[in-house]
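One structure is given here, and the rest of the page talks about it.
The values are calculated or read from the model by the stated rules, or taken from the named source; none is laboratory data. Fair warning: this is a prediction, and the values are worked out from it, not measured in the lab. Positions of Cβ are generated from backbone atoms using ideal geometry, with glycine treated the same way; all protein chains shown enter the neighbour counts.
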DNA sequence: GTCTATAGAGCGATAGAC
DNA sequence: GTCTATCGCTCTATAGAC
């Protein structure tokens, strides 16, 4: 994706990536010019072209780097939860929503969606390295709850999909569209109800 | 949003809207030039500027027109369903997913998301005239099922949000990113499980 | 109202000095 | 490797004939 050679000027390369990510997130990919990125990074435009093949290559490098950050952010996904299904589900829900609501994550998702038609390879990389990895983590936890008899989940991946998307719902939808007004649904209420629904649907047979 | 005067050349205006919608959906808003739109519509570029103030105004006119089509597409939302909750839920799910999976709807959503940062007013119009109207229809049906004792739903709007987003899930996510490969989840399987979850969570107390 | 032709600005990418 | 300066192109929007 990028030039394999990086002797010492890796600092400038990082500055370019940081500046480009900020500009792209703020203005969108198509609307951001290389001149603006160069100015924001404190380098000349030619320096950017010595590190990256072009604007598309720069875009790809940002997506890949950001996906790694995603994976780290989901680290101890059910940290500090109790030992019952409700606590674990609620803790995962909170961790997930905190990540999804970060402005940078939203902006990155907007960009990938917007450029998906012209950069299908990048959309695939993002999807597999970002959302899929995160969902796998949640599916593993659900499978663990199933093994311990705390829940009865025949298909953990399907249950994960329903759980995650119940959570995102209107809150994520509104954030994606930049509607920052008062939402018709609260995040806390949505999480509580999603956990309740999961328990009702996947609670172990008594 | 558009000039209030439209004597007789409304035909050209419609042709411009049709062509612009097709081009925008195909190539994206930013990547589509007014020259291409003019050529596709069979008019000159100056004619477009006599009907619309500029590219943004043209974009807004397309969004508004498309929202009306959405509302019609959700017409008899639970048509042909039986009289039990499971049938009604499944019928609504099928109607909704058929609409959401239309290429034009996906493309329109991509565009609104992509331009949300620079056109917040358009994002708001789209959200309220599109998704909110559709969800209200579903919430009304759920409230009806509650009144008839077929389900027990204290907050129909919240239940609608969870239901709709369970359905969209990975299928919509992948379609939005243009990943047309074999999905890890099938649409039919997702609908069946979402209906089952809804019945488990909101089934009437026996 | 609609056309042809063009203005005027900004873009991505590069050449060559250092 | 990094800079300054610039090329060649495409874009949105407009002016003026019909």
Of the residues that sit in the range A:176-190 and are in a helix (DSSP H, G or I) and surrounded by fewer than 21 Cβ atoms within 10 Å (Cβ to Cβ), which one is nearest to the other protein chains (Cβ to nearest Cβ)? A:189
In this structure, does residue A:17 turn out to be at pLDDT 95 or above and more than 18 Å from residue A:109 (Cα to Cα)? no
Could you tell me whether the range A:62-82 includes any residue that is touching a helix residue (DSSP H, G or I) at 6+ places or on another chain (Cβ under 9 Å), within 16 Å of DNA strand C (Cβ to nearest atom), in a helix (DSSP H, G or I) and more than 14 Å from chain B (Cβ to nearest Cβ)? yes
Here are some residues: A:99, A:58, A:106. Which one is within 22 Å of residue B:177 (Cα to Cα) and surrounded by 21 or more Cβ atoms within 10 Å (Cβ to Cβ)? A:58
Can you tell me which residues in the range A:119-149 are surrounded by fewer than 20 Cβ atoms within 10 Å (Cβ to Cβ) and part of a loop (DSSP other than H, G, I, E, B)? A:148, A:149
In the range A:49-83, anything in contact (Cβ under 8 Å) with a residue 40 or more places away in the chain and under 25 Å from residue A:169 (Cα atoms) is listed as A:63, A:66, A:67, A:68, A:70, A:71, A:74, A:77, A:78
Single condition residue A:98 does not satisfy, out of (1) within 14 Å of another protein chain (Cβ to nearest Cβ); (2) within 11 Å of the chain's Cα centre (by Cα); (3) under 19 Å from residue A:175 (Cα atoms): (1)
When residue B:134 is run through (1) in contact with a helix residue (DSSP H, G or I) (Cβ under 6 Å, 6 or more places away or on another chain); (2) in contact (Cβ under 8 Å) with a residue 12 or more places away in the chain, the failure sits at (1)
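Tell me, yes or no, whether the range A:30-47 has at least one residue that is over 29 Å from residue A:153 (Cα atoms) and away from DNA strand D (no atom under 16 Å from the Cβ). Explain how you work it out, then say what you get.
Kept after step one, since they are over 29 Å from residue A:153 (Cα atoms), are these residues of the range A:30-47: A:30-47.
So of that shortlist, the ones also away from DNA strand D (no atom under 16 Å from the Cβ) come out as none.
Checked against the condition, which is being over 29 Å from residue A:153 (Cα atoms) and away from DNA strand D (no atom under 16 Å from the Cβ), the range A:30-47 yields no hits at all.
Go through B:22, B:30 for me and flag whichever is within 16 Å of DNA strand C (Cβ to nearest atom), over 30 Å from residue B:150 (Cα atoms) and within 14 Å of another protein chain (Cβ to nearest Cβ).
B:30
When the range B:106-118 is examined, which residues are found to be in a helix (DSSP H, G or I) and facing another protein chain (nearest Cβ under 9 Å)? Write out each step before concluding.
Going through the range B:106-118, the residues in a helix (DSSP H, G or I) turn out to be B:106-115.
Once the filter is applied, which keeps residues that are in a helix (DSSP H, G or I) and facing another protein chain (nearest Cβ under 9 Å), the range B:106-118 yields B:107, B:109, B:110, B:111, B:112, B:113, B:114, B:115.
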